[in-house]
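Have a look at the structure below before the remarks.
The values are calculated or read from the model by the stated rules, or taken from the named source; none is laboratory data. Here the structure is a predicted model, which is why all the values come from computation and not from measurement. Here Cβ is always computed from backbone atoms with ideal geometry, including for glycine, and neighbour counts include all displayed protein chains. Keep in mind that these areas ignore ligands, DNA and RNA; they rest on the heavy atoms of the full protein, side chains included. Shrake-Rupley method; radii C 1.70, N 1.55, O 1.52, S 1.80 Å.
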Amino acid sequence: MNDLTILVVDDESRMRKLIKDFLIQKNYNILEAEDGEKALKVYNENKNKINLILLDVMMPKLDGWSVLRQIRQENKSLPIVMLTARAEEQDELFGFELGVDEYITKPFSPKILVARVEAILKRTIPEEKEMKSYDGIVIDNEGRTVTVDGKIVELSFREYELLKYLLENENIALSRDKILNTVWNYDYYGDSRTIDSHIKKIRHKLGKKGKYIKTIRGIGYKFEMK
């Protein structure tokens, strides 16, 4: 994980220092911002080298939601983890609609934070140098891109991982719990409707090919081309 850069955005200096100290121990490069406006400035100056953003929700000048919206306008795949003191279900669902990849609720264990960051970044780094095609849906594991009939489809980090998991398990019915534990890479205790929200967006982005993602009533989903 050397040479990977994380942008830590939080208006509390003690919180930024705590996160920074733990991440530096894992050899990550750290950039900091104390408010939303500074976050966008640092992002725009370093967008080609930032690998993940830890983004607080409640901040002065520009809140985390506004920062998230602006970044997602141009970058759909950069992993963004929201740090929030609120754990309301509707807030989380709203965030996932905007393109949040994960939530971490304050107060949190710094070790758990690092573990989640590492899990996301490990899945971000391509390992396989191959491309697979499913009736015009082509997933490039090296470039982490998806094309449909030759046209690139913009997917968020979590949408990409979810679609990849479905494709790799073609014709297998996958339960919501299994999807959460595998794609989200930890025991997620929120509402499983976050999966439904992601599936809906993926189907829309795949266009006519979205029909291959089948809903299995009472279970979950599967990818099937029959």
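Table for the structure above
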item	result
Karplus-derived 3J(HN,Hα), 6.51/-1.76/1.60, for each residue of region 110-115, Hz, glycine and proline x	x, 5, 5, 4, 4, 4
Built amide H within the under 5 Å cut-off of THR145, gap 5+	ASP140
Theoretical gain in end-to-end length, ARG14 to LYS208 [0.36 nm per residue, Cα-Cα removed]	64.9 nm
Cβ-placed point charges (K, R +1; D, E -1), dipole of the chain about Cα centre in debye, nearest 20	580 debye
Percent of Cα pairs exceeding the 20 Å cut-off, where the set is the chain	60 percent
Carbon/sulfur fraction of accessible area - the chain, other protein chains in place, 1.4 Å, %	47 percent
Accessible surface, per residue, of the chain when the full set of protein chains is kept, probe 1.4 Å, Å²	51 Å²
Rg to Rh quotient for region 12-51, alpha carbon positions, Kirkwood Rh	0.99
Cα-based radius of gyration of region 97-178 once divided by 2.2 N^0.38 Å, which approximates compact folds	1.27
Among ILE80, MET58, THR105 the positive-end extreme of the charge dipole of the chain (Cβ point charges)	ILE80
Anchor LYS214: lysines whose Cα lies under 22 Å away (excluding residues fewer than 8 positions away in-chain)	LYS132, LYS164, LYS178, LYS200, LYS201, LYS205, LYS222, LYS226
